[in-house]
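Worksheet: one structure, shown below.
The values are calculated or read from the model by the stated rules, or taken from the named source; none is laboratory data. If you're wondering where the values come from, they're calculated on a predicted model, not measured in any experiment. All Cβ positions, even for glycine, are placed from backbone atoms using ideal geometry, and neighbour counts span all protein chains on display. Only protein heavy atoms, including side chains, enter the accessible area calculation; ligands, DNA and RNA are left aside. Shrake-Rupley method; radii C 1.70, N 1.55, O 1.52, S 1.80 Å.
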Amino acid sequence: MKKELITLKINGRTLELASEPNKLLLDVLRQDLGLTGSKRGCDDSSCGACTVQLDGVPVLSCTLLAASCQEREIATVEGIAEHGSLAAIQKAYGDWGGAQCGYCTPGFMMTVDHLLTENPNPSEDDIRHALSGNLCRCTGYMQMFQAIKAAIEAERKGRASEAQTAGAR
Amino acid sequence: MSLPDFQLLRPRTVAEATELLAKHAANAQIVAGGTDLIPSLRQRLFAPRFLIDLRAIVDLRGIRARDGGLDIGALTTLTTIERSPEIAQKYPVLHQAAKTVASPLLRNMGTIGGNICLDTRCLWYNQSLQWRQSCGFCIKKDGDLCHVAPGGSKCWAAFSGDTPPALLCLEAEIEIAGPQGTRRVPLSEFYTNVGDARMKLQNNELLTRVLLPVRTAGWSGVYRKLRIRGSIDYPLAGIAVVLKRSNRHVADARVAITAVNPAPLLVKGVARALAGREVNEEIALQVGELAARTAKPLTTSALTPEYRREMIRVFTKRAVLEAAAIDQSLPRAQPRGPSTVD
């Protein structure tokens, strides 16, 4: 099938590439761009392992055509580390055993990142509701739940100490 | 598994979209959120030469006030509907129904227009090409017999959208754009109750808006859904109830059911059964019976037809009691979180 030139904005970089019109965003990320963080799980829009953010909103890259995502901001798990170090939520997942086999983790990262960006202090219900679109076959949901709460707490303490430092000056 | 080959067209206005549809009608398929169509393309249920992607038509996104009611663009995502304070306040049954569709991720993608035009579903249809080839094709796709009702020539695939029963209860109208301009139809006249020709939408037409009337604004409502998991799944039975009350008595009422027929259906006789009366367990059960009699589930999904029909009865009873217990004089709880997307 004839390839067409498309422009994608991924993790803050604008890329031009030739791609078939029927190619899914997940395949472009993994095969053409080497961004293999996003995973193919169920391949029928159920599991959330392929979750990326489109204009900041988490969506399934296995159910999106790459060519449909032009002019939008795409963010993958490769883009959520902060200045080369792990984001707070990535660190908390490591500390609390939120990642077991690790296959679903990148998808969860994108979902949780959106949750905390939108609402830095979500209730337990909000967290459960937000996580209800991603599946973990290791069933490590409780560890993730704890990791998320720990990340929220760390963030809150961080903000408090920042405020203190600012106050001391 | 990859998708079949097609050419992707991306119109920016409704006029451009209807022009493309007029040109390619027979060989084109429309895609909005893609959550229904893309998995079906993967399973080779469709092999269009052209895919018309509506996502770039900004005009079809968003919720606006209109004539005391609401005008919802067909491309408005289900997340936006779930989070709209206007909808939660004026049309709580739609808020509840939208909130149960699939999962948060899929609601970020799926649109209200797509939910209305959702393809009907069946165990024998929503399968890979290899599966269907091995087990034998069916009337709905590539074959000439029905595995669900052997000997019959009608397709019984179940309509499985969550928001249409709520919209039917609210007496919603839809706007359709075509080569001759736009037309408005009551949603109740849109569906056919035939699984393989589910809706009255020509292949050169496009659903553009959903209109909610002022008449049903403020009616209390409840949506209940049966599914295997608490998230992600399509409904295997669903019921929407709306009630208008004056003092303690019911002034008007509607019940609609989904996922148990090839169309979402309004249950007949509900207003008569409830009007002028005070809701109690017995009356709620009578309404449940009416709903169960309207449901004609067959073996199109993972749960048995008997169980699904019984749950229609039980959920209807509970939903009627719950809707009657809502105090209409109090302001309703706002949905959580800031409204985003779109």
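Please give the peptides B:315-321, A:126-132 ranked by average Cβ packing (other Cβ atoms within 10 Å per residue), highest first, as a rough proxy for protection. The partial results should precede the final answer.
Values: B:315-321: 24.0, A:126-132: 18.6.
Top of the packing list down: B:315-321, A:126-132.
Would you please name the GluC sites (Glu not before Pro) within the range B:264-303 that are DSSP coil residues with at most 14 other C-beta atoms within 10 Å of their C-beta?
Values: sites: B:Glu278, B:Glu281, B:Glu282, B:Glu289; in loops: B:Glu278.
Filter output for the range B:264-303: B:Glu278.
Note down the accessible area of B:Asp196, probe 1.4 Å, to the nearest 10 Å².
70
Excluding ligands, DNA and RNA, what is the solvent-accessible area per residue of the range B:190-268 at a probe of 1.4 Å, expressed in Å²?
Roughly 36 Å² per residue, with all protein chains present.
Can you give the relative contact order of chain B as a percent, counting alpha carbon pairs under 8 Å and 6+ residues apart?
18
Using only the Cα atoms of the protein assembly as shown, what do you get for the radius of gyration and for Dmax, in Å?
23.5, 84
Can you give me the angle between helix B:14-24 and the longest principal axis of chain B, using Cα atoms only, in degrees from 0 to 90, rounded to the nearest 10?
Approximately 50 degrees, to the nearest ten.
Per 5 Å bin, what is the whole-percent P(r) computed from every C-alpha pair distance within the range A:4-79?
Binned Cα distances yield the sequence 3, 18, 31, 30, 14, 4, 0.
Using a cut-off of 17 Å between alpha-carbon atoms, which aspartates and glutamates can reach A:Lys9, once sequence neighbours fewer than 8 places away in the same chain are excluded?
Reachable aspartates and glutamates: A:Asp27, A:Asp32, A:Asp55, A:Glu71, A:Glu73, A:Glu78.
Charges on Cβ only, +1 for Lys and Arg, -1 for Asp and Glu, centred on the Cα centroid of the range A:4-79; of A:Thr14, A:Gly37, A:Gly56, which one is farthest towards the dipole's positive end?
With unit charges placed on the Cβ atoms, the residue in question is A:Gly37.
What fraction of the Cα pairs in the range A:1-150, stated in percent, has a spacing above 28 angstrom?
18
Ignoring ligands, DNA and RNA, what percent of the accessible area of the protein assembly as shown is carbon or sulfur (1.4 Å)? Kindly include the intermediate steps, with their values, before the conclusion.
Values: 11170 of 22080 Å².
Ligands and nucleic acids excluded, carbon and sulfur reach 51 percent.
Which trypsin sites (Lys or Arg not before Pro) does the range B:198-227 hold that lie in a coil by DSSP with at most 13 other beta carbons within 10 Å? Mind showing how you got there, number by number?
Values: sites: B:Arg198, B:Lys200, B:Arg209, B:Arg215, B:Arg224, B:Lys225, B:Arg227; in loops: B:Arg198, B:Lys200, B:Arg227.
Within the range B:198-227, the qualifying trypsin sites (Lys or Arg not before Pro) (loop, at most 13 other Cβ atoms within 10 Å) are B:Lys200.
Using the Cα centre as the reference, give the magnitude of the dipole from point charges on the C-beta atoms of the range B:149-242 (Lys, Arg: +1; Asp, Glu: -1; all else neutral), rounded to the nearest 20 debye.
Roughly 180 debye, rounded to the nearest 20.
Is chain B best put as rounded, prolate or oblate by its Cα gyration tensor, with a ≥ b ≥ c the root eigenvalues, rounded for a/c under 1.5, and otherwise prolate when a/b is larger than b/c, oblate when not?
Verdict is oblate for chain B.
Looking only at B:Gly136, B:Gly34, B:Gly113, which one moves most when chain B is put into a Gaussian network model with springs between Cα atoms under 10 Å?
Of B:Gly136, B:Gly34, B:Gly113, the Gaussian network model singles out B:Gly136 as fluctuating most.
With +1 on the Cβ of every Lys and Arg and -1 on the Cβ of every Asp and Glu, and nothing else charged, how large is the dipole of chain A about its Cα centre, in debye rounded to the nearest 20?
Dipole size: approximately 280 debye.
Specify the residue with the greatest mean-square fluctuation among B:Leu168, B:Leu212, B:Leu303, computed from a Gaussian network of chain B linking alpha-carbon atoms under 10 Å apart.
Most flexible of the set in this elastic network: B:Leu303.
Identify, among B:Leu206, B:Tyr223, B:Gly161, the residue whose Cα sits farthest towards the positive end of the charge dipole of the range B:152-252, taking +1 on the Cβ of Lys and Arg and -1 on the Cβ of Asp and Glu, with the dipole about the Cα centre.
B:Tyr223
At a probe radius of 1.4 Å, what is the per-residue accessible area of A:Ile152, in Å² to the nearest 10?
We get 20 Å² for A:Ile152.
Positive end of the charge dipole of the range B:8-56 (Lys, Arg +1 and Asp, Glu -1 on Cβ, about the Cα centre): tell me which of B:Ser40, B:Val14, B:Ala56 has its Cα farthest that way.
Comparing the listed Cα positions along the dipole, B:Ser40 ranks first.
Checking a compactness column here: for the range B:268-322, what do you get for Rg(Cα) / (2.2 N^0.38 Å), N being the number of residues?
Scaled against compact globular proteins, the figure is 1.20.
Evaluate peptide A:36-49: per residue, the Cβ atoms of other protein chains within 10 Å of its Cβ; return the mean as an integer.
3
Ignore the peptide's own chain and count Cβ atoms of other chains within 10 Å of each Cβ in B:316-323; give me the average, rounded.
The mean count of partner-chain Cβ atoms within 10 Å per residue comes to 0.
In the range A:55-88, what GluC sites (Glu not before Pro) fall in a loop by DSSP, with at most 15 other Cβ atoms inside 10 Å?
Listed in order of number, the matching sites are A:Glu71.
What's the average, rounded to a whole number, of partner chain beta-carbon atoms within 10 Å of each residue's beta-carbon in B:101-112?
Details: counts 0, 4, 13, 12, 19, 7, 1, 10, 8, 2, 0, 0.
Mean number of neighbouring Cβ atoms from other chains: 6.
With a cut-off of 8 Å between alpha carbons and a minimum separation of six or more residues, what is the relative contact order of chain A in percent?
21
Rounded to whole Å and sorted largest first, list the principal axis extents of the Cα atoms in the range A:88-168.
If we take the Cα atoms of the range A:88-168, the spans are 48, 22, 17 Å.
Per the helix-only calculation at 222 nm, which mean residue ellipticity applies to the protein assembly as shown, given -39500 (n - 2.57) for every DSSP H run of n ≥ 4 and division by its residues, nearest 500 deg cm²/dmol? Spell out each step's value before the answer.
Numbers: 16 runs with 161 residues, N = 511.
Rounded to the nearest 500, the figure is -9500 deg cm²/dmol.
Restricting things to alpha carbons, find the Rg to Rh ratio for the range B:19-89 using the Kirkwood radius for Rh.
Details: Rg = 15.3 Å, Rh = 14.1 Å.
The Rg/Rh ratio comes out at 1.08.
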